[in-house]
Amino acid sequence: MKSVRPKKNLGQHFLTDLSIARRIADTVDACPDIPVLEIGPGMGVMTQYLYPKNRDYKCVEIDRESVEYLEEHFPKLHGNIIGGDFLTMNLNEVFGGRQFVLTGNYPYDISSQIFFKMLDNKELIPCCTGMIQREVALRIAAEPGSKTYGILSVLIQAWYDTEYLFTVDENVFNPPPKVKSAVIRMTRNSRTDIGCDWELFKQIVKATFNQRRKMLRVSLKQLIPDFNEEMIPDFDLTKRPEQLTHEEFVKLTNCVGKLKIKN
């Protein structure tokens, strides 16, 4: 079978540099001894370095042509290539409820959705590595006060330690993307309890960053129509969301939670 044709509707940009493929594959070694699930293996440029690592390995690929290519060129993977959509999978079924490392050259247009699913399955995924758009990687690793600090920063850093590992130029892909890429690693921190209601925490983070130029006292009115800053006298509501640390978002969530109960 000839090479797979990159499909624009699937956001496929096939990595062609083998040295970079090996470097990305080796990022899973930080979380050893547990299975690996690769998203979007394409023609297996990373797969060839992942599956010989002497640990359980599976990959999920939505592109039928790529699945056929992998079946032909990687016969040892027979039974471990899942043809389907990662976003709709029941992750408990992949390795029989065991934890696993998530990795891949992620499609740029759904990378945020992949990481939101990771958060929903954080007890199954103690480590996530891979390549994404550089802008998104910077956002994930951003610290409070920076212009790139946002929804992904706060939600992921609540449960994971984030590392921006290295930048990848456009010319090592077929076809070359219009943006630079980056490799990241996210490793579960020791936190077992966020200290507030997680669903309300997510709601507040999204509501405030959706109006990131507004002061908190303005954006909170989305959640509580009759809200005024006197309802939370011990919190500086003139701040904007990018100024808040994780701990401050937890405090704000608990304050809003009490108000919602009263209402």
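The values are calculated or read from the model by the stated rules, or taken from the named source; none is laboratory data. None of these values were measured; they are calculated from a predicted model. Glycine also receives a Cβ, built like all others from the backbone with ideal geometry; neighbour counts cover every protein chain displayed. Remember, those area values only see protein heavy atoms, side chains included, never the ligands or the DNA or RNA. Shrake-Rupley method; radii C 1.70, N 1.55, O 1.52, S 1.80 Å.
Worth pointing out:
- Qualifying residue in segment 122-131 (condition: within 18 Å of Q48 (Cα to Cα), touching a residue at least 60 places away in the same chain (Cβ under 8 Å) and of a type in the set (A, V, I, L, M, F, W, C)): yes
- Unmet requirement for G79, which otherwise passes all of (1) free of Cβ contacts under 8 Å to residues at least 24 places away in the same chain; (2) open to solvent by less than 30 Å² (accessible area, probe 1.4 Å): (2)
- Restricting attention to segment 250-259, the residues that are open to solvent by 60 Å² or more (accessible area, probe 1.4 Å) and more than 22 Å from V154 (Cα to Cα) add up to 0.
- For beta carbons closer than 7 Å, sequence separation of 6+ or different chains, a first residue in segment 160-171 that is outside any strand (DSSP E or B) and a second that is open to solvent by 70 Å² or more (accessible area, probe 1.4 Å), the qualifying pairs are D169/K180; E170/P176; E170/K180.
- Cβ pairs under 6 Å, 6+ apart, first in segment 221-249 and over 25 Å from I156 (Cβ atoms), second part of a loop (DSSP other than H, G, I, E, B): K221/F227; E229/L237; T238/M215
- The one condition in (1) modelled with pLDDT under 95; (2) open to solvent by less than 20 Å² (accessible area, probe 1.4 Å) that H246 fails to fulfil: (2)
- Segment 159-177 - residue that is of a type in the set (F, W, Y) and within 23 Å of G11 (Cα to Cα) and, of those, surrounded by the most Cβ atoms within 10 Å (Cβ to Cβ): F173
- Residue within segment 18-33 that is over 19 Å from L165 (Cα atoms) and open to solvent by less than 70 Å² (accessible area, probe 1.4 Å) present: no
- Options V101, V45: the member that is closer than 17 Å to F115 by Cα and touching a residue at least 24 places away in the same chain (Cβ under 8 Å): V101
- Spans of helices (runs of 4 or more DSSP H) in segment 103-158 with at least 1 residues open to solvent by 30 Å² or more (accessible area, probe 1.4 Å) and of a type in the set (D, E): 111-120, 134-141
- Restricted to segment 221-243, and to residues there that are assigned to a helix (DSSP H, G or I) and at pLDDT 90 or above, the residue that is most open to solvent (accessible area, probe 1.4 Å) is Q243.
- Residues (on the phi > 0 side of the Ramachandran plot and over 23 Å from the mean Cα position of the chain (by Cα)) located in segment 44-71: N54
- Condition check for R213: of a type outside the set (F, W, Y), part of a loop (DSSP other than H, G, I, E, B) and within 20 Å of the chain's Cα centre (by Cα): no
- Filter result (of a type in the set (A, V, I, L, M, F, W, C) and modelled with pLDDT of 95 or more) within segment 100-126: F100, V101, L102, I114, F115, F116, M118, L119, L124, I125
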